[in-house]
Amino acid sequence: MSVQTSPQMPRSETGPKGRGFRVAVLLVLTVIVGLGLCEGLTRLFLPAFDPSGRFEFSHPVGSLMLGKPGTVARQAKNTGDYDVPVLINMHGLRDDNDVFTATPDDILVVGDSFTWGWGVEAGDRFSDRLRILTGRRTFNLSTPTDIEGYAELLAYARALGAQADRVVIAVCMENDLRRYAARSDGEASLPDTVPIRHWLSTHSAFYLFALTVVHQTPWLRTLAVEAGLITPNLEGISRNDDDPAIIRASADRLLDIARQYRALVVLIPSRALWVGPSRAVEDRVHGAFVAALRQRGIDVLDLRPLLEANGTPLAYHFANDGHWNTEGHALAAHAISQHLAR
């Protein structure tokens, strides 16, 4: 008598479908174990890539993100352009001086990542060089932000007890111009990063190591660029719109700030003036913004002529990063000190 399988009795998956599922699970587990092993070995033998020692802006103050107070970390570029120490004081600022002690004889310097000193030693920033050239104490109030954020940073300094009224405001022409009156309050705090890449760069040593290898191996970097995984430095420059309303709104917001201090606005030119398809537009925007500031009676120092004087303005920037190198900071410090001495 034959024995039939009960409909209630489960059949074992022994066919192609079952084997395929088991292979897929085994493959996933192998990849996870392999990546875990790579991560562990990288942290063990290449501790320089451990993301826990890398700097990031993680301390909220109002709508701003500053450095975590007391941080001692490093800021490194996967391309090898820089690897510098970063020390953050009790107020979340990258400054040896305590802004609480600032007096009317001192200088407050406010700006974005350029002024913060992205990629350079703290002592090589134009704010610190300015201290030597002028003989006056300087206080660096900077973090990646925009004109609205500059006002908030200065208000933060006042709340901490700063009495200084001489202010240098460094405006980045690549991304500071916008319709400030129409902007929502949350717009300034939106991260300018790809979430997955940002998470990996702050959690995975192996990712940082692999990315460094790709950047520093020409043929791998070429493949990554062609695949769209890497955007070449000079192709990722923000572009300005030739919009008079944006010029007016940005200049008016700076005027609101300048009225409260003895302010000097320093313009950091956009690299799009010198590369890319929108150079004519950037030239018009730059000229119009300089004119708008002067029409409002704002003291302005345009660094464009100085950067272009030797015919190689991009030489003042890192090769694989849009920020100024030490030569750029030195040029800015010299120009600002001369302007303030008038």
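The values are calculated or read from the model by the stated rules, or taken from the named source; none is laboratory data. None of the values given here were measured: they were computed from a predicted structure. Please note: Cβ atoms are built from the backbone with ideal geometry, for glycine as well, and neighbour counts cover all protein chains shown. In case anyone asks, the SASA skips ligands and DNA or RNA and just uses the protein heavy atoms, side chains included. Shrake-Rupley method; radii C 1.70, N 1.55, O 1.52, S 1.80 Å.
Of all residues in segment 262-280, those that are over 23 Å from the mean Cα position of the chain (by Cα), outside any helix (DSSP H, G or I) and surrounded by fewer than 16 Cβ atoms within 10 Å (Cβ to Cβ) total 2. Which one is farthest from ARG342 (Cα to Cα), of the residues in segment 281-307 that are open to solvent by less than 60 Å² (accessible area, probe 1.4 Å) and without any contact (Cβ under 8 Å) to a residue 24 or more places away in the chain? Among those residues, the one meeting the criterion is GLY287.
Restricted to segment 64-85, and to residues that are within 19 Å of ASN320 (Cβ to Cβ) and β-branched (Val, Ile, Thr), which residue is surrounded by the most Cβ atoms within 10 Å (Cβ to Cβ)? Steps first, answer last, please.
In the first step, residues of segment 64-85 are kept if they are within 19 Å of ASN320 (Cβ to Cβ); the result is 74-84.
Next, only the ones that are β-branched (Val, Ile, Thr) stay: 79, 84.
Numbers: THR79: 18, VAL84: 16.
Taking the candidates together, the pick is THR79.
Within segment 33-55, being open to solvent by 80 Å² or more (accessible area, probe 1.4 Å) and either at pLDDT 85 or above or under 24 Å from THR143 (Cα atoms) (or both) holds for one residue alone: SER52. Restricted to segment 130-143, and to residues there that are surrounded by fewer than 21 Cβ atoms within 10 Å (Cβ to Cβ) and not aliphatic (A, V, I, L, M), the residue that is nearest to SER337 (Cα to Cα) is THR134.
Which of the residues spanning segment 111-129 are among the basic types (Lys, Arg) and under 12 Å from HIS323 (Cβ atoms)? Walk me through how you get there before you give the answer.
Residues of segment 111-129 that are among the basic types (Lys, Arg), as a first pass: 125, 129.
Selection gives ARG125 alone.
Of everything in segment 133-154 that's touching a residue at least 60 places away in the same chain (Cβ under 8 Å) and farther than 15 Å from ARG166 by Cα, which residue is farthest from the chain's Cα centre (by Cα)? Full working, then the answer.
Of all residues in segment 133-154, those touching a residue at least 60 places away in the same chain (Cβ under 8 Å) come to 133-134, 143-145, 147-154.
With the extra rule that they be farther than 15 Å from ARG166 by Cα, the set shrinks to 133, 143-145, 147-149, 152.
Values: LEU133: 27, THR143: 8, PRO144: 6, THR145: 9, ILE147: 15, GLU148: 16, GLY149: 14, GLU152: 18 Å.
My answer is LEU133.
Of all residues in segment 144-161, those being open to solvent by 10 Å² or more (accessible area, probe 1.4 Å) and at negative phi number 10.
Could you identify the single residue in THR103, THR193 that is hydroxyl-bearing (Ser, Thr, Tyr), modelled with pLDDT under 95 and out of contact with any strand residue (DSSP E or B) (no Cβ under 8 Å at 6 or more places or on another chain)? Criteria check complete, one pass: THR193.
The residues listed here are ASN325, ASN310; of these, the one that is closer than 30 Å to THR217 by Cα, of a type outside the set (A, V, I, L, M) and either loosely packed, with under 14 Cβ neighbours inside 10 Å or in contact (Cβ under 8 Å) with a residue 40 or more places away in the chain (or both) is ASN325. Kindly indicate the residue of segment 86-113 that is open to solvent by less than 10 Å² (accessible area, probe 1.4 Å) and within 17 Å of VAL266 (Cα to Cα) and also farthest from the chain's Cα centre (by Cα) among those meeting that condition. Looking at residues that are open to solvent by less than 10 Å² (accessible area, probe 1.4 Å) and within 17 Å of VAL266 (Cα to Cα), I get ILE107. For segment 52-110, a residue qualifies if it is outside any loop (DSSP other than H, G, I, E, B) and among the hydroxyl-bearing types (Ser, Thr, Tyr), and the qualifying residues are SER52, SER58, THR101.
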